[in-house]
1. What 222 nm value per residue comes from the helices of the chain, counting each DSSP H run with n ≥ 4 as -39,500 (n - 2.57) and dividing by all residues, nearest 500 deg cm²/dmol?
2. If each of N51 and T39 carries a label point 7 Å out from its Cα toward its Cβ, how far apart are those two points in nm?
3. For the chain, with only Lys/Arg (+1) and Asp/Glu (-1) charged at the beta-carbon, what is the dipole magnitude about the Cα centre, in debye rounded to 20?
4. Which number comes out as Rg/Rh for the chain once both Rg and the Kirkwood Rh are worked out on C-alpha atoms?
5. List the residues whose amide H sits under 5 Å from the amide H of F33, counting only those 5 or more places along or on another chain, with H placed 1.01 Å from N in the peptide plane.
6. Taking 0.36 nm per intervening residue step and subtracting the Cα-Cα distance, what contour gain separates V24 from T11 on full extension?
7. Mind listing the phi-derived Karplus ³J(HN,Hα) values for segment 34-47, rounded to whole Hz, using 6.51, -1.76 and 1.60 with θ = phi - 60°, and x for any glycine or proline?
8. Remind me, relative contact order of the chain in percent, using alpha carbon pairs under 8 angstrom and six or more residues apart?
Amino acid sequence: MDAANRADIPTVASATVKCLSENVPDEVPGIAFLSGGQTSEEATAHLSSMNEMGPHPWQLTFSYGRALGPNH
């Protein structure tokens, strides 16, 4: 996560929702995101931003065990 030029949270959220909208059928009940090495603040901000863009045909949720650990 040390890239010199990183997209901001709304840009990442918008691109993610666009990708999901174009590729995930509406019949899918939910999508769970992993933290992928993000901090708990960053992972939560991304998910919150995506949910604020709703409503979506699927529920967006998380599985952030790693991000919520003591070293993140």
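1. Details: 2 runs with 28 residues, N = 72.
After summing the helix terms and dividing by the residues of the chain, the value is -12500 deg cm²/dmol.
2. Distance between the two pseudo-spin positions: 2.0 nm.
3. Values: 3 positive and 8 negative charges, 29 e Å.
Dipole of the chain, to the nearest 20 debye: 140 debye.
4. 0.98
5. T61, F62, S63
6. Result for the pair: 2.7 nm of gain on full extension.
7. Karplus values, whole Hz, x for Gly and Pro: 8, 6, x, x, 6, 6, 4, 5, 5, 4, 5, 5, 5, 5.
8. Numbers: 71 pairs, mean separation 29.3, N = 72.
Reported as a whole number, the value is 41 percent.
Quick note: the coordinates plus some simple rules give every number you see, no bench work behind them. Please read all numbers here as calculations on a predicted model, not as lab measurements. Note that each Cβ is placed from the backbone with ideal geometry, even for glycine, and that neighbours are counted across all protein chains shown.
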